[in-house]
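Colleague: Handing you this structure, nothing more for now.
The values are calculated or read from the model by the stated rules, or taken from the named source; none is laboratory data. These figures come from a predicted structure and were not determined experimentally. As a convention, Cβ positions derive from the backbone with ideal geometry for all residues, glycine included, and neighbour counts pool all protein chains shown. The area values use the complete protein model at the heavy-atom level, side chains included, leaving out ligands, DNA and RNA. Shrake-Rupley method; radii C 1.70, N 1.55, O 1.52, S 1.80 Å.
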Amino acid sequence: MIGTWVSILPPIIAIVMVLATRRVLLSLGAGIVTAALLLANFAPFETLKGVWRAMTVSFWDGGLNTYNIFIMLFLLLLGVITAFVSLSGGSAAFARWAVTRIRTKRGAKLLTMALGIAIFVDDYFNALAVGQIARPITDQHKISRAKLAYFIDSTSAPICVVSPISSWGAFLIGQLALILGTTAAVSYSPLTAFIMMAPMNFYVIATLSMVFFFAWTNNDFFEMKKHEDRAMNEGELFDQNKEIPGQLKEEFPEHTHGKVRDLVAPIVTLIVVTLGMMIYTGYKEAGIFDIWAIFENTDVPFSLVIGGTTATLLAMLLYILQMKENETASVSWMGRAFVSGVKAMMPAILILIFAWGLTELIASLDTGLFLSTMVEQLNIPVAFLPVLIFVLAGLMAFSTGTSWGSFGILMPIAGTIMVNAAPELLLPALAAVLAGAVFGDHCSPISDTTILSSTGAGCNHMDHVSTQLPYALVAASVSAIGYIVLGITGSVWIGLVAVIIILIVLFTYWSAKGKQRAARIA
């Protein structure tokens with residue numbers, strides 16, 4: 001059953017169940033049990049061992065799994081920071097300050113987009129930091145949490161995948177070095193190849209263009225429109241009856257002693273210390289002060305924990321400094337805030353544990369290898385290879401919940417195919433892998449970046465998936481057409497022009513529909 005069509009059943013079962021029932025943990029659990037049964041050939045004891053392995057891999061994977069443990073610790077620290085910022089009145093003060101500077105809904109959306117693009121060093125860091133900064137502002141302007149999650153998710157991975165100075169860029173440049181080192185078909189360096197691939201990543205171009213359009217205008221459609229209309233007309237930013245990861249349930253005392261610095265100082269500290277630690281750990285490992293080598297060797301999870309710990313201590317200190325003048329401040333409230341912050345992040349951590357467990361079992365079933373082998377066996381015309389690779393990367397990332405896993409499996413295969421079939425299309429094909437993997441990761445409810453984006457925004461996870469999915473599918477459809485044009489013409493620039501023309505037509509149409517709708521309401 002390993003490496004056969006049966007291997008795609010666990011992710012299909014998990015994804016179909018989560019879309020149908022919207023019960024994430026139950027659906028992921030069903031996928032885990034299915035995968036464990038297949039790996040054990042339905043032997044009961046071996047199945048139980050497989051389930052146990054899936055549930056413990058986040059903590060122990062042949063040794064202490066510090067990568068996942070540090071990510072979970074950082075989430076807990078972020079919850080505690082959020083609680084103390086709220087307890088000290090920093091969130092309310094920042095919201096009052098922001099309203100006087102950012103006076104329009106458009107401004108709030110554009111700020112969120114700009115933050116997502118500016119914090120490009122890592123997608124996890126991006127998703128959670130942007131959420132903390134932008135949420136008070138978007139809440140004040142009645143922008144739904146689903147819309148905030150869309151902005152966060154659509155400016156984290158898409159920016160990281162084309163930025164050479166990022167954890168993603170370092171990983172991908174390393175992958176390109178392995179691929180390009182085995183062929184004489186190209187003469188440029190891995191870094192040069194990575195930079196050249198940026199305009200070939202049509203999904204990133206389409207996604208970022210759509211983010212700007214939806215930030216500039218008030219147009220929305222499908223499920224997102226329902227969330228935005230409810231936020232604007234009823235003031236309800238999210239469904240109160242659903243589980244909201246990262247949402248504090250504790251009611252803290254109201255007071256007027258909060259200052260803007262009570263929010264800004266911990267978040268700025270979080271960003272500066274985390275970035276500094278990423279540079280330090282990368283330099284320590286690389287042994288030379290070379291920016292590319294530093295980001296290739298940096299320890300992102302450890303850096304996040306150090307940054308999170310420092311920011312947490314500062315948030316606590318700022319609250320302690322209020323105790324002389326704030327009659328509601330007390331040590332007991334500090335304890336309650338700490339517990340509240342930890343409890344707020346537990347739903348997100350549980351989803352991550354289940355998602356990581358399912359991803360581990362799917363990897364053991366060789367689901368990704370089965371999908372990639374199908375492409376090699378099909379006799380596809382060269383002109384359609386870029387779009388086929390794009391679609392396959394999307395399916396693989398959607399099924400496995402990991403874009404990095406899809407990169408690792410598909411990039412060498414795509415490189416081998418294109419070197420033998422059409423060397424001139426090598427870089428476009430590799431760019432199609434990156435584009436498709438980010439697309440599939442965006443759509444997948446079992447993706448860790450999707451989970452962290454909904455957590456950063458304070459949005460119900462399945463609400464984020466269902467509202468973002470139509471936007472991602474539109475961007476993917478536009479990209480697919482671009483890759484078909486590229487394959488047929490052999491020109492990256494003609495393919496890019498096709499993408500731009502389609503986007504202009506779509507934006508014009510959506511704007512006209514929006515004006516008609518506004519006229520009917522008026």
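Colleague: So for the stretch 356-514, averaging the separation of alpha carbon pairs under 8 Å that are six or more residues apart and normalising by length, what relative contact order in percent results?
Modeller: Once normalised by length, the contact order is 24 percent.
Colleague: Determine how large the accessible area of Leu321 is when every protein chain is in place; take a 1.4 Å probe and give Å² rounded to the nearest 10.
Modeller: 100
Colleague: What pairs from Lys109/Lys343; Lys109/Lys242; Lys142/Lys225 go past 22 Å between their alpha carbons?
Modeller: With Cα atoms farther than 22 Å apart: Lys109/Lys343; Lys109/Lys242.
Colleague: Still on this structure, I have one more. To the nearest 10 square angstrom, how much accessible area does Glu424 have with a 1.4 angstrom probe?
Modeller: 130
Colleague: Then there is this: Taking the convex hull of the alpha carbon atoms in the stretch 450-522, what volume per residue do you get, in Å³?
Modeller: About 124 Å³ per residue, rounded to a whole number.
Colleague: Determine the gain in length on full extension of the stretch Lys225-Ala363; use 0.36 nm per residue of separation and subtract their C-alpha separation, reporting nm with one decimal.
Modeller: Result: 46.0 nm gained on full extension.
Colleague: Taking 45 Å as R0, compute the FRET efficiency from the Cβ-Cβ separation of Lys49 and Thr256 and round it to 0.05.
Modeller: So the FRET efficiency works out to roughly 0.20.
Colleague: Below 8 Å between Cα atoms, with a sequence gap of 6+, how large is the relative contact order for the chain in percent?
Modeller: Computed value for the chain: 24 percent relative contact order.
Colleague: In debye to the nearest 20, how big a dipole does the stretch 260-388 give about its Cα centre with +1 on each Lys and Arg Cβ and -1 on each Asp and Glu Cβ?
Modeller: Using only the charged Cβ atoms, the result is roughly 520 debye.
Colleague: Using the alpha-carbon centroid of each, what span in Å lies between the stretch 258-291 and the stretch 391-425?
Modeller: Measuring centre to centre over Cα atoms gives 33 Å.
Colleague: Report the label-to-label distance for Thr66 and Ala20 in nanometres (one decimal), using points 7 Å from each Cα along the Cα→Cβ vector.
Modeller: The answer from the label model is 4.3 nm.
Colleague: Please calculate how many Å² of accessible area the chain carries per residue, with a 1.4 Å probe and no DNA, RNA or ligand atoms counted.
Modeller: For the chain, the per-residue accessible area is 40 Å².
Colleague: What length, rounded to one decimal in nm, is gained on full extension from Lys515 through to Val497, with 0.36 nm per residue of separation minus their alpha-carbon distance?
Modeller: 3.8 nm
Colleague: For Lys259, which lysines qualify as cross-link partners when the Cα separation must be under 16 Å and same-chain residues fewer than eight apart are set aside?
Modeller: Output for Lys259: Lys324.
Colleague: Positive end of the charge dipole of the chain (Lys, Arg +1 and Asp, Glu -1 on Cβ, about the Cα centre): tell me which of Met72, Pro245, Met55 has its Cα farthest that way.
Modeller: Working it through, the farthest residue towards the positive pole turns out to be Pro245.
Colleague: Now, a different point. With every protein chain in place, what's the accessible area of His141 (1.4 Å probe, Å², nearest 10)?
Modeller: 30
Colleague: Name the shape class, rounded, prolate or oblate, that the alpha-carbon gyration tensor gives for the chain, where a ≥ b ≥ c are the square roots of its eigenvalues, rounded holds for a/c under 1.5, and otherwise prolate holds if a/b is larger than b/c and oblate otherwise.
Modeller: Since a/c reaches 1.5 and a/b is larger than b/c, the shape of the chain is classed as prolate.
Colleague: Which of the helices in the chain, when you take each full DSSP H run, stretch at least 27 Å along the axis at their Cα atoms and have an average Kyte-Doolittle score of -1.0 or higher?
Modeller: 66-87, 261-286, 300-320, 331-364, 461-489, 492-521
Colleague: What percent do you get for the relative contact order of the stretch 403-486 when only Cα pairs under 8 Å and 6+ apart count?
Modeller: It rounds to 23 percent for the stretch 403-486.
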